[in-house]
Amino acid sequence: MWVLGIDTSCDDTGVGLVRDGQVVVNLVASQVRLHEAYGGVVPELASREHLKAIRPLTERALAEAGIGPKDLDVVAATRGPGLIGALLVGYTFAKGLAWTLGRPFYAIHHLEGHIAAAWPEGLSPPFLALVASGGHTHLFEVQALGRYRLLGATRDDAAGEAFDKVARLLGLGFPGGPEVERLAREAEEAIPFPVPLREQRGYDFSFSGLKTKALQLVEQGLPKPALAKGFQEAAIRHLAEVVLRAAEDTGHRVLLVAGGVAANQALQARLKEAGLQVHFPPKGLSQDNGAMIALAAYRRHRAGFPPSPLALGATAYWPL
Ligand code: KG4
Ligand code: ZN
């Protein structure tokens, strides 16, 4: 069974093909260089780039898998949340394809896609899922496929956003996460940063204080590698403390970590030594992509969820 998944929620055009639950092709056309000049994603430019990329990228994905459109059994796309103009391109394209082919269509929540990418075959809920990306820092209790309880979220910046902003303060490129991680590896010692929200009893996150602290230290002219290491350590310690408290309180011993920040090696190492059973997405599936949307749709289809009505529109805001 072939499932096509499309994600155009932000600045990457993602097209993925999944066969019987296995990722076969996962193509991502990144717009990073285009938006870099503006210091952030320009929504209108993003939509136009998606429009240019979506058809050739889908054709290439099918060619790489050695199949044609008629071989598709299910078509899926991200319905939201995200930039509405960007979402509409992939979502409408996928709906049109599903309608033309007469195949079931699944409208997928972007965060369910991220979670699906980290969810190993055979692992049964309940478990915890941390989604940490450039736009989200959410901790969920996954009770079942399609049933999520939000335990906590960021009160200000998303984790990835903080990495991106600190990277900019340090004169590094975008996306900042991998750059900060690389620079931090050069440091022997870390400049200590205060770990956020230590006093809370809930499961929220906050990263804006770390960003402000980084700005102060940059202005004092302190060495950049030690600063990058200090920021990264505090951000990771914060993520780990909240997640471990939630694990303690709920009794869950299994944790999925998804979203772009899940690629951070120091975060992976810290969570692995914490005594939980932790799952990360395979390489290439942590950042925004189409295969994760196909994986989520495959699971929904297999579990007997009804396809989504084609009259359903895309939406910028959509709680999971
Ligand atoms: O999931 P994603 O591709 O897009 C969103 O939905 O936002 O996540 C991108 C974010 C960026 O903020 C990027 O800096 C961050 O994930 N990121 C990382 C690493 N790789 C990507 N953050 C920390 N360490 C990394 N190695
Ligand atoms: Zn994402």
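Tell me, please, whether a residue that is out of contact with any Ser or Thr (no Cβ under 6 Å at 6 or more places or on another chain), under 17 Å from residue 132 (Cβ atoms) and part of a helix (DSSP H, G or I) can be found in the range 216-231.
Taking every residue of the range 216-231 in turn, at least one turns out to be out of contact with any Ser or Thr (no Cβ under 6 Å at 6 or more places or on another chain), under 17 Å from residue 132 (Cβ atoms) and part of a helix (DSSP H, G or I).
Residues considered: 299, 253. Of these, the only one that is of a type in the set (Lys, Arg) and surrounded by 14 or more Cβ atoms within 10 Å (Cβ to Cβ) is 299. Among the residues of the range 62-79, those that are crowded, with 21+ Cβ neighbours inside 10 Å and in contact with a His (Cβ under 9 Å, 6 or more places away or on another chain) comprise 74, 76, 78, 79.
Number of residues in the range 173-200 that are more than 16 Å from ligand 2 (Cβ to nearest atom) and within 15 Å of residue 40 (Cβ to Cβ): the value is 1. Quick one: would you say residue 166 is buried (at least 19 other Cβ atoms within 10 Å of the Cβ), under 21 Å from the mean Cα position of the chain (by Cα) and touching a residue at least 60 places away in the same chain (Cβ under 8 Å)? Taking the combined requirement at face value, the residue satisfies it. Do we have residue 9 as at pLDDT 95 or above, assigned to a loop (DSSP other than H, G, I, E, B) and among the polar types (S, T, N, Q) here? So residue 9 fits the description; yes.
Taken over the range 234-291, residues that are away from ligand 1 (no atom under 16 Å from the Cβ) and over 30 Å from residue 27 (Cα atoms) amount to 16. Taken over the range 1-56, the residue count meeting the criterion of being touching a residue at least 40 places away in the same chain (Cβ under 8 Å), crowded, with 16+ Cβ neighbours inside 10 Å and aliphatic (A, V, I, L, M) is 15.
Taking (1) surrounded by 15 or more Cβ atoms within 10 Å (Cβ to Cβ); (2) at pLDDT below 95 in turn, residue 274 satisfies each apart from (1).
If I ask for residues that are crowded, with 24+ Cβ neighbours inside 10 Å, more than 13 Å from residue 50 (Cα to Cα) and within 16 Å of ligand 2 (Cβ to nearest atom), which ones from the range 80-106 would you list? Answer for the range 80-106, where residues must be crowded, with 24+ Cβ neighbours inside 10 Å, more than 13 Å from residue 50 (Cα to Cα) and within 16 Å of ligand 2 (Cβ to nearest atom): just 82.
The condition of being outside any loop (DSSP other than H, G, I, E, B), within 16 Å of ligand 1 (Cβ to nearest atom) and polar (S, T, N, Q) does not hold for residue 92. The number of residues in the range 244-261 that are part of a helix (DSSP H, G or I) and in contact with a helix residue (DSSP H, G or I) (Cβ under 7 Å, 6 or more places away or on another chain) comes to 2.
Looking across the range 212-242, the residues that are hydrophobic (A, V, I, L, M, F, W, C), closer than 18 Å to residue 137 by Cβ and touching a helix residue (DSSP H, G or I) at 6+ places or on another chain (Cβ under 7 Å) come down to 214, 231, 234, 235, 236, 239, 240.
A quick yes/no check of all residues on (1) under 30 Å from residue 108 (Cα atoms); (2) at pLDDT 95 or above; (3) touching a Phe, Trp or Tyr at 6+ places or on another chain (Cβ under 9 Å); (4) assigned by TED's automatic domain parsing to the domain that holds residue 262:
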| residue | (1), (2), (3), (4) |
| --- | --- |
| 149 | yes, yes, yes, yes |
| 152 | yes, yes, yes, yes |
| 159 | yes, yes, yes, yes |
| 163 | yes, yes, yes, yes |
| 168 | no, no, yes, yes |
| 180 | no, yes, yes, yes |
| 209 | no, yes, yes, yes |
| 228 | no, yes, no, yes |
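For residue 54, the test of being among the β-branched types (Val, Ile, Thr), assigned to a loop (DSSP other than H, G, I, E, B), more than 17 Å from residue 259 (Cα to Cα) and away from ligand 1 (no atom under 16 Å from the Cβ) is failed.
Okay, residues lined up against (1) within 13 Å of ligand 1 (Cβ to nearest atom); (2) in contact with a Gly (Cβ under 6 Å, 6 or more places away or on another chain); (3) assigned to a strand (DSSP E or B):
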residue	(1), (2), (3)
107	no, no, yes
114	yes, yes, no
117	yes, no, no
124	no, no, no
128	no, no, yes
134	yes, yes, no
139	no, yes, yes
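The single condition from (1) in a loop (DSSP other than H, G, I, E, B); (2) surrounded by fewer than 20 Cβ atoms within 10 Å (Cβ to Cβ) that residue 209 fails is (1).
The values are calculated or read from the model by the stated rules, or taken from the named source; none is laboratory data. Keep in mind the model is a prediction, meaning the values are calculated, not measured. In this analysis, Cβ positions are derived from the backbone assuming ideal geometry, glycine residues included, and neighbour counts consider all displayed protein chains.
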